Every structure is written in C-alpha cells, then in structure tokens.
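The block underneath contains the structure these notes are about, expressed in structure tokens.
The values are calculated or read from the model by the stated rules, or taken from the named source; none is laboratory data. In this text, all values refer to a predicted model and were calculated from it rather than measured experimentally. Methodologically, a virtual Cβ is constructed for each residue, glycine included, from the backbone with ideal geometry; neighbour enumeration extends over all protein chains shown.
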Amino acid sequence: MNPIVRLKGKFLYKANTNSIGYPAFSSSNPHITWIDLDRRYHELSMLVDDGERNNKIGGVLISVHYRRVIPKSRRVSYFFSKGKISANDTVVGAKFGKTEKGSPYHIITHFVPIEIMEETLRRLGLCIQFMRGMGLAKADNNFLKILYFKHSKNGLKKKQLPEGMSESEVLILQRKYLSYMVKMGITKSMLGGMLAESSEVASFSEPLYSKHFNGSSIVTIYRTGKDTGMLMKELGIDVPQERILNKTTMLLHPDQIKALEENAPYLISMSLPDFSQIKFEEFSSIPKQISIPKPGHEPVVGVIDGPFDENAYCHDWVSYEKWFGEDVAQEQAAIDHGTEVTSLIVDGPAFNPEYTDGCGRFRVKHFGVAPGEKVSSFTLLKKIRRIIEENPEIKVWNLSLGSELPVNPNYISPVAALLDTLESEYDIIFVVAGTNDRNCTRKLSMGDPADSINSIVVNSVRKNGEPASYTRRGPVLSFFRKPDISYFGGDSNELIHGCTGLGEVWASGTSFAAPWITRKIAYLIYNLHLPREVAKALLIDSASKWNEKESNIEMKGFGIPPISIRDVVESTNDEIKFFFYETAKSYESLAEKIPVPVYDDKYPYIAKATLCYFPVCDRDQGVDYTNTELDIHFGRIDQNLKIKSVNENAQTEEGDYTNEEEARKLFRKWDNVKHIIERYNSRKRPKKVYGQNGWGLDIKLKERLETRYPNGLRYGVVVTLKALDKKNRFNEFLELCRQNYWVVIPLDVQQQIDVQLKAEGTVDWD
C-alpha cells in the first residue's frame, strides 16, 4: 500500500482578465421584433400599475421567465438596474419551469424599487421607438455587428461583417443608427444590451404561487423593502417574534396562511408543513448483552436524534442531553432508534465484525430532540441551531432523522438549509441519512434534510452493492447529486446489528448506514487531522471505482467506500494518491508542473480527481442555491500551455460554447462536489507527453450574485493516478515532486493506527 501525500506550494493566483465583448442574441431566439418588445413593455407596465400591491411591499415583484436554463452572463442586466444598483442586487428567488417538450428553463424573481422600474420602462420604450423609427422589422446579431463595427487598419475578418455586406455599406448604416440614437439620447451599450437581453426573455409576470398543504406551515416570503413582521401586521397577520425564523421565513397557522393567500399570494416564495412525519425503523431484539471498557480520551461525535436509553451497555461513552419537556411522552421506537444510531458510532464493529473499519471507538454527545414520529420542523430548526452554537468543539455530527415527505425540486428544505448554513459558519460537517421509502417503490424522492448540499448524505445498499429495497433517490434541487455515497444499512435477511437498552437488536435503514460513514469522517478529521474538505473528497474518491460505469447514481451516489479506513486513505501499489488543501483567493488558482512519472516517453496512467468545498448558500434563491462555483480542470499541460482536462472540460476556454444546462449536467456547474474520472478498460493506452510541461490543476472561482469570501474559499482536491502497466512508481513520484520544488507531506495512517492501538492497550479500565 502507498500512503497518501499532501502537495503544498507552487499555486499561482490570477484575476479574471477575460474581456466582455459586445452582446449577442440568444441561439434559441436569434432575433427580436418591436412587437416582441411591446409585449414585454405591456407585461412590465401591468405590474408597475398595480399601485395598491406595490405600496404594500415598497416595490415591484417580477418573475422573469427565460427561454432556457440561463447562465449568469446572459441574465438581464440593463433591466432592473440604475446607478450603483444592478439587476443582480434585486434577485430574490429562482426556480425551474418546464417547456411543452419537458426542457427546463429559469424563472428568476426580482424585487425592484419603483424608480428603477420606471427607468427600465423608459429604456425599453426607447428601444421600441428606435426600431420603429429606423423601420427595423427585427434586430439580430447582424444588427449588432453593424452597431459595434470598428474599422481595422490591418484588414477585416469576414466574421466581423454581416453576411452579404461590404465595409462601406456597414459604415453607412452605422452612421444612420448612431445619428438617430444621439437625437433620442440613447447609448449604444444600452440599446444593444436591452435588445440582446430581451431575446432571452419569454415573458414577465407576477410570482407564481402553488397552493400548499393544510395545517401549520413554515412559509418563506420574497425579500422586500419591509421588515417581515411589520409587513405581516400591515396585511392583518400578527406573527409573534418567536415564530419568525429569519428575515423571510416564519411559522404560520392555517388561518394566517389563508389570510396571506387572500391578501398577498404573490409574496409566498415557498412553504412546507411544519409537522414532519418521521418513520422510525422497526427492530428485532435478542437477549444478548455486550461489554465495553471505560472510555479514555477518544474523539467526541455529536448525534442529534431520538432519545438515548441510558441503560444501554455503552452509556459510559455517551453524554446525553434531553431537549424536550419532562411532560412529553417518549415513544419506544424513537428511544430505540436514537440508541442504536449512537451505539453504532461508539462501537459498531463489536456487533458487526464483517464491517470492522479500523476506526476504533468514539465517544458521543447525544441530543434527544425527537421523542416521537411527529416532529415540529420549526421547533427542530431552533433546537439544532442552539445545539451547534453551544457545542462548537464538536466538528462531526450524525443526523439520522428524516421526513417522509419528498423534497421539492425547486427549493431546499428548511432543515437542510440550516445544516448548510451551520456548516459554513462553524467549520463542521454533518452526515445525514438518505431517508427511507416504507413502500419500497424506489421512485420516491429523498426527504428533508437529505437535500443538504454541504452535508454528506448516505443511502443504503445490500451486501451485493445493490440499492436497498427502501432506498429513495436524488437528485435534489433539480440537479444536485444526492446521495453522495452509500453504505451497508441492512435489508431483508441481512440486518445491521446495534444496541438498545434491552441488548442487541437487528434493524435496517439509511439511519444505520450513516453512522458507519460518520465513523470514517470522524477518524479522518479527528485522528488524521484532515480538513473536512479533504475528508469528504477522500470518501468520494474511495467510493468511485475505476472499472465500474456509473449506475444507479440517483440511489447510490458516487459509490460505496471501502470498509477499512486504510483503504479509504491509502492506495494500492499501482496507484499514487495525493491531495491539495488550498484557498481560492481570486478568479483562478493554478498549479503547474505536477510531475507525473513518465515511462517509454508516455504517461502510463489514468486519473481521477475530486473537488469539495463548502459554499455559503441562500435558500431564498431557490434552484440557484449555491452562489459560488469552483470549476476544476485537471490533466496534462499541452504544447500551448493549456490543461487538457481528463473530463474534456472546456468551460471558460476560448471558443467554448457549452450552454448552462450542459455545464450543469456534464461538469456539475454550481455543485459543490466535482468528481472527474477516466474509467479503466483494456483499450486504455498511455498518454502523450508534451515536453517538460507536466500536469496541471486549475480552479476557477465564479460568484453568481455577490462576493462572499473576502479571505478566499477553502477547498480540497484528492487526485488518484492508476498505472496501466501495474507498476509502482510512488517513490519516483515523490522524488520528482521534490525536484520540482513541491513540499511533500506523506500521511502515515499505519503509524496513527499503531498509536491508537497502543493507547487503547495501556488504559487502566479498573
């Protein structure tokens, strides 16, 4: 086995030097008429003219229906902007609609002050006036070529001229257009920008609202210029402060929801029933007691679950806090569930020797928050936040609670959003169970909070690697890959063993798959002192297999990590595994001349790389939940000093025309986990060497709305190289790295295991 190595140093940081060219019309709608513009003007005017509604909220709520999944660079910018306020500043929500053919498209909602709306209408009116005054039946890219044409002393490229037109003809038309624009007081950039942007817009409307569930609900409204509590009072709805979660989200009773639907339905961005139904797994018990030594100084893992039975054999290893009133009835199923989850984290291999992972034992601080199957999500939100705030020393948390209700494809669930926020704020990581389908349909989407983006979400598989019968599926938020990974959680006649107050029990469910991954993450973070970004990337790297095509990814994620923690961290003799832990300080972070060994003038390797980071997320933004994108390019550096990425990612490269939908699907754009891999097969051949250029890693940082990381964003990248000829070149790799001035830091897992075993052997248990 070869140890994993950290490579440090030699990163170059570059600002974005890409110039913004003149605007272009949408490929899906390559022209626009003044009649089209007049329709858009009428739609906006109708919204502006609703004075009663706009006075209530201090502005105008507008949903922009685009013709496709729209990249940031193609969103409206000349609309809804004035002075220092950009259109991005007014975005308050995003969701996906479906065309008649079933293709997704963006619906982005803005809250726009009245004075800016008036400016938008003025600009749009001038565009209409220009087209009519010039007698233009339509505007298209040829029109823009004329408008932005510049004479070149060195001659012209044919593509700079509209088809069938000479330079002199272009100049005559251009002077005509510019002369009329001067009379109107309209600029070239505003005219061209408004026309091009309009080609991407299918319509404007007030925000759409789908009637929600009966009963009390957690309701999120769009951000407006008014305080949420005061706005509700003005609408005749009195919401006590203790039922307001944040600036946009609150708990409303049925009569209050009805009043909001009647008076201001356009305000409602999303809603979910407050009471979640949790189905605790059923147990079969056997009269068997297991002994365990007293704890020492083992790391502490946090568990948020049902109650813990302090009669359990491992009670000395567990610090238990009950977070519900003494008068609240506790259901036995909830007690058994919480106790078994914790027992697996403390001492899972003692009951399940076939899953002995080498991670040792862990102490647990257990917080009982769910005494029964019916839980108030709003109350749970407040409890989880308090628990994390009061226990900052705990860096790894297990959450095996989940709702039966499937998540909405257009917005993140409240508890999942809270987990993502806490992970950003407190440098922690949650391991979350993927939730179960009691009817075993294999068609049910995951339940809250298994849609958490920053957390590691774990589904369950059988011993043969196939999804368990009760497995639910991703993606979440329409395209984010969840689950992340899968593990053995029991099924039918191959149950997981755990412990309750009565002794050993048998059960199955994602609740009991998650603790095994919690153990591994805890070992990587606490024992090996790896950052969470690297720990998460390592688990995904180890789960992804060279010779397996992606199958059942909606239920299994990236795959199943090895049982042994050594096999997670170390690599086989024909592999080289290394990682980077760096900060994205600017637009581009570039590492060059990574010295992959050469044999017979070729690179005899296939490669995989996993990038993980923990972005700040915004639930109010719907499907555009992650504001930050880290794009990864990894591969050989060619003769043009460009990285030939192993997944053929050409985003941001000159001449690239990857559209937003393809970028999200193929290259996981806006997803906070990127995994690229070359699958092994007998046809694979060594790769060409381009001189002394070596390999390179390029990380590009993009932000959708605003800059959120003044000190940069931390990320981890794990790379594994596999030799096609089965040769071990690990030592050669280390020497080449040192020669190329890389700082090389091997991670000795076996030494850590030996230290752990020695410590356990010298403890005086009396």
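Show the residue pairs that are 6+ apart or on different chains and have beta-carbon atoms under 6 Å apart, the first residue being within region 516-541 and outside the structural domain of Pro349 (by TED's automatic domain parsing) and surrounded by 24 or more Cβ atoms within 10 Å (Cβ to Cβ), the second being of a type outside the set (Lys, Arg) and part of a helix (DSSP H, G or I).
none
Residue-by-condition table, conditions (1) out of contact with any Asp or Glu (no Cβ under 9 Å at 6 or more places or on another chain); (2) more than 14 Å from Pro515 (Cβ to Cβ); (3) hydrophobic (A, V, I, L, M, F, W, C):
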{"site": "Asp316", "(1), (2), (3)": "yes, yes, no"}
{"site": "Glu321", "(1), (2), (3)": "yes, yes, no"}
{"site": "Phe324", "(1), (2), (3)": "yes, yes, yes"}
{"site": "His337", "(1), (2), (3)": "no, no, no"}
{"site": "Val341", "(1), (2), (3)": "no, no, yes"}
{"site": "Gly348", "(1), (2), (3)": "no, no, no"}
{"site": "Phe351", "(1), (2), (3)": "no, no, yes"}
{"site": "Thr356", "(1), (2), (3)": "yes, yes, no"}
{"site": "Phe367", "(1), (2), (3)": "no, yes, yes"}
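What's the number of the only condition in (1) of a type in the set (Asp, Glu); (2) in contact (Cβ under 8 Å) with a residue 60 or more places away in the chain; (3) surrounded by fewer than 19 Cβ atoms within 10 Å (Cβ to Cβ) that Asp336 fails to meet?
Of the numbered conditions (1) of a type in the set (Asp, Glu); (2) in contact (Cβ under 8 Å) with a residue 60 or more places away in the chain; (3) surrounded by fewer than 19 Cβ atoms within 10 Å (Cβ to Cβ), the odd one out for Asp336 is (3).
Scan region 249-267 for residues that are closer than 23 Å to Gly51 by Cα, in a helix (DSSP H, G or I) and aliphatic (A, V, I, L, M) and jot them down.
Ala259, Leu260, Leu267
Of everything in region 531-588, what is in a helix (DSSP H, G or I) and touching a His at 6+ places or on another chain (Cβ under 7 Å)? Give them in sequence order.
Ile540
Looking at region 211-259 only, could you name the residues that are of a type in the set (A, V, I, L, M, F, W, C) and either crowded, with 21+ Cβ neighbours inside 10 Å or under 18 Å from Leu381 (Cβ atoms) (or both)?
Hits for region 211-259 are Phe213, Ile218, Val219, Ile221, Met232, Val239, Ile244, Leu245, Met250, Leu251, Leu252, Ile257.
Quick one: Val505 ticks every box in (1) closer than 30 Å to Ile745 by Cβ; (2) in the same structural domain as Tyr355 (by TED's automatic domain parsing); (3) assigned to a strand (DSSP E or B) except a single one, so which number is it?
For Val505, the failing item is (1).
May I ask you to list the residues in region 51-99 that are out of contact with any Lys or Arg (no Cβ under 9 Å at 6 or more places or on another chain), surrounded by fewer than 15 Cβ atoms within 10 Å (Cβ to Cβ) and under 17 Å from Glu206 (Cα atoms)?
Within region 51-99, Gly51, Glu52, Asn55 meet the criteria.
Considering only residues that are farther than 25 Å from Pro104 by Cα, of a type outside the set (Gly, Ala, Ser) and out of contact with any Lys or Arg (no Cβ under 7 Å at 6 or more places or on another chain), look in region 182-202 and name the one that is surrounded by the fewest Cβ atoms within 10 Å (Cβ to Cβ).
My answer is Lys183.
What is the number of the single condition among (1) over 19 Å from Tyr78 (Cβ atoms); (2) in contact with a Ser or Thr (Cβ under 9 Å, 6 or more places away or on another chain); (3) in contact (Cβ under 8 Å) with a residue 40 or more places away in the chain that Gly133 does not meet?
Failing condition for Gly133: (2).
Scan region 233-260 residue by residue and report those that are more than 31 Å from the chain's Cα centre (by Cα) and of a type in the set (Val, Ile, Thr).
Within region 233-260, Ile237, Val239 meet the criteria.
Quick one: how many residues across region 280-309 are at pLDDT below 95 and either closer than 17 Å to Gly338 by Cβ or hydroxyl-bearing (Ser, Thr, Tyr) (or both)?
7
Could you pull out every one of the strands (runs of 3 or more DSSP E) wholly within region 645-727 that has 2 or more residues that are in contact with a helix residue (DSSP H, G or I) (Cβ under 7 Å, 6 or more places away or on another chain) and either at negative phi or surrounded by fewer than 21 Cβ atoms within 10 Å (Cβ to Cβ) (or both)? Give the derivation first.
Numbers: elements: 673-677, 695-703, 713-723.
Result: 673-677, 713-723.
What about Gly236, is it of a type in the set (Gly, Ala, Ser) and without any contact (Cβ under 8 Å) to a residue 40 or more places away in the chain?
Spelling it out, Gly236 is indeed of a type in the set (Gly, Ala, Ser) and without any contact (Cβ under 8 Å) to a residue 40 or more places away in the chain.
Quick check on region 452-506: of everything there that is touching a helix residue (DSSP H, G or I) at 6+ places or on another chain (Cβ under 8 Å) and of a type in the set (Lys, Arg), which residue is surrounded by the most Cβ atoms within 10 Å (Cβ to Cβ)?
Arg472
Check Gly434, Gly368 and return the single one that is over 20 Å from the mean Cα position of the chain (by Cα) and surrounded by 20 or more Cβ atoms within 10 Å (Cβ to Cβ).
Values: Gly434 fails: over 20 Å from the mean Cα position of the chain (by Cα).
From the options Gly434, Gly368, the qualifying one is Gly368.
Identify all residues within region 336-384 that are part of a helix (DSSP H, G or I), modelled with pLDDT of 95 or more and β-branched (Val, Ile, Thr); write none if there are none.
Within region 336-384, Thr339, Val341, Thr342, Ile345, Val346, Ile384 meet the criteria.
Return the residues of region 1-53 that are more than 30 Å from Phe733 (Cα to Cα), in a loop (DSSP other than H, G, I, E, B) and among the hydrophobic types (A, V, I, L, M, F, W, C); say none if nothing qualifies.
Selection gives Ala15, Ile20, Ala24, Phe25.
If you go through region 70-78 one residue at a time, do you hit one that is of a type in the set (Gly, Ala, Ser), free of Cβ contacts under 8 Å to residues at least 60 places away in the same chain and outside any loop (DSSP other than H, G, I, E, B)?
yes
Quick check on region 711-721. Is at least one of its residues β-branched (Val, Ile, Thr) and within 20 Å of Asn454 (Cβ to Cβ)?
Yes; the residues of region 711-721 include at least one that is β-branched (Val, Ile, Thr) and within 20 Å of Asn454 (Cβ to Cβ).
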